[in-house]
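The values are calculated or read from the model by the stated rules, or taken from the named source; none is laboratory data. These figures come from a predicted structure and were not determined experimentally. Backbone-built Cβ (ideal geometry, glycine too); neighbour counts: all protein chains shown. We work out accessible area using only protein heavy atoms, side chains counted, and drop any ligands, DNA or RNA first. Shrake-Rupley method; radii C 1.70, N 1.55, O 1.52, S 1.80 Å.
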Amino acid sequence: MESIYYVMCWACHRKCRHCYEERFRPYVRGELESVVAEAERNFPRIVANLPARLTYLDRDDPRPDGTLAEKTGRVILSGGESLLDPVRERVTYRVVEALRDKYRAQGGVKVVIQTTGDILTDGIVDDLLARGVWMISVASVDDFHVGLEGPAKQKAFMDRLSTLFERHGVRRSGLSATTRNWHEEEGPLYSFFGATPDSWIGKLWPRGRAWRNGLSKATLEDNFCNRWSGGLNFLKHQWNGSEVSIEPDGAVYPCCIKTKLPIGSLLEDNLIDILDSLAGVAAYEAIDAGRPERMGLAHGWSEARFLAQSRTITPTGAPYQNLCIGCDRFHDEVLGPVLEEARERRRRAREPLSLQE
């Protein structure tokens, strides 16, 4: 598999108004312990159920003889804020170590730490590099992050962190975060991105606080599914272009935006088994093809009906139409039983034949 986006813990020190997930926020005392304990409890099982080998064949980069090179995939570790105390020591460092150990003799893995960057220190950078982290990706360079409004503040922030990284021999990535093959450089690296107009998240997803605050500018023409980190090619795990998103409770989604229902849980099943159980299921093949408007054809939803179901009114009272809304409604109306059937197929496949008779 090429890429896994693993949200390890909900805890964050910010509560950004454009965030796609309401659960990313500050927690205190017992609430903080609860979300950290969830992440700490679940990560061993989640890592165990990741693919045995995190490599893929790149059909876009054939050798001169036409054969395909096996390339090393990546796991993006995110939050919330993945470097927040106590998440850093109890979860993030231990997940990095677990991934390193799991894949050391299986083709390796490129581990990316995604962070807001504003709590980074020399000591934390040292700790990450000592554990073999390949990239530190700062994901907060935009006007939505308090204290980083405007080019001058953003430049000063990036200059300060660049100096910090380069003290440790980490060099800046030469590829844009919007380029699919940005992970093919030699590490260790650092990078910057944010919810800017030129990025793949610039229109903002109709999710979380971005939705509640009326900030999404996406239209029907903005097909988040048909792009990197959307659902495109998520089922084709052996090839380039496949990525899934994982939450702290082990829930798996075909995109970072997150479908209304998860496609399975890594607390129950192996990731490859989950994906293979949905191969040939029309709705998920449509997501895989980047054509969500076709996901209901096998269930009596024409494309016209799907587009009509993609219309809504935002919480701020504005008319809105985007394919993610239609996808949400189709999940609510149709896909619960479809997912339960796939889960049952996986359960039966795990059982010895003697127990199925």
Any residue in the range 42-68 that's under 18 Å from Ile274 (Cα atoms): show its pairings with residues that are among the hydroxyl-bearing types (Ser, Thr, Tyr) and assigned to a helix (DSSP H, G or I) at Cβ separation under 7 Å, as long as the two are six or more apart or on different chains.
-> Leu54/Tyr103
Please work out if Asp61 is modelled with pLDDT under 95 and not in a loop (DSSP other than H, G, I, E, B).
-> yes
Tally, over the range 320-337, of residues that are more than 20 Å from Gly290 (Cβ to Cβ) and either touching a strand residue (DSSP E or B) at 6+ places or on another chain (Cβ under 6 Å) or in contact (Cβ under 8 Å) with a residue 40 or more places away in the chain (or both) | 3
A careful count of residues in the range 74-98 that are under 18 Å from Glu2 (Cα atoms) and in contact with a Phe, Trp or Tyr (Cβ under 9 Å, 6 or more places away or on another chain) gives 5
Return the only residue of Tyr253, Tyr284 being within 30 Å of Leu68 (Cα to Cα), aromatic (Phe, Trp, Tyr) and buried (at least 22 other Cβ atoms within 10 Å of the Cβ).
-> Tyr284
Test Leu120 against the criterion of being assigned to a loop (DSSP other than H, G, I, E, B) and touching a Ser or Thr at 6+ places or on another chain (Cβ under 7 Å), and give yes or no.
-> no
Could you grab me the full set of residues in the range 69-79 that are open to solvent by less than 50 Å² (accessible area, probe 1.4 Å) and assigned to a strand (DSSP E or B)?
-> Ala69, Lys71, Thr72, Arg74, Val75, Ile76, Leu77, Ser78
Condition test on Asp101, is it under 21 Å from Leu271 (Cβ atoms) and without any contact (Cβ under 8 Å) to a residue 12 or more places away in the chain?
-> yes
Could you check how many residues of the range 125-161 are part of a loop (DSSP other than H, G, I, E, B), within 18 Å of Ser199 (Cβ to Cβ), open to solvent by less than 50 Å² (accessible area, probe 1.4 Å) and not β-branched (Val, Ile, Thr)?
-> 7
Got at least one residue in the range 90-97 being surrounded by fewer than 23 Cβ atoms within 10 Å (Cβ to Cβ), within 11 Å of Val133 (Cβ to Cβ) and β-branched (Val, Ile, Thr)?
-> yes
Looking only at the range 4-41, count how many residues are of a type in the set (A, V, I, L, M, F, W, C), open to solvent by less than 60 Å² (accessible area, probe 1.4 Å) and either more than 26 Å from Leu271 (Cα to Cα) or free of Cβ contacts under 8 Å to residues at least 40 places away in the same chain (or both).
-> 5
Specify the residue that is most open to solvent (accessible area, probe 1.4 Å); the eligible residues are those in the range 187-216 that are in contact with a Pro (Cβ under 9 Å, 6 or more places away or on another chain) and in a loop (DSSP other than H, G, I, E, B).
-> Lys203
Those helices (runs of 4 or more DSSP H) lying entirely in the range 292-357 with at least 1 residues open to solvent by 50 Å² or more (accessible area, probe 1.4 Å) and modelled with pLDDT under 95 | 336-350, 353-356
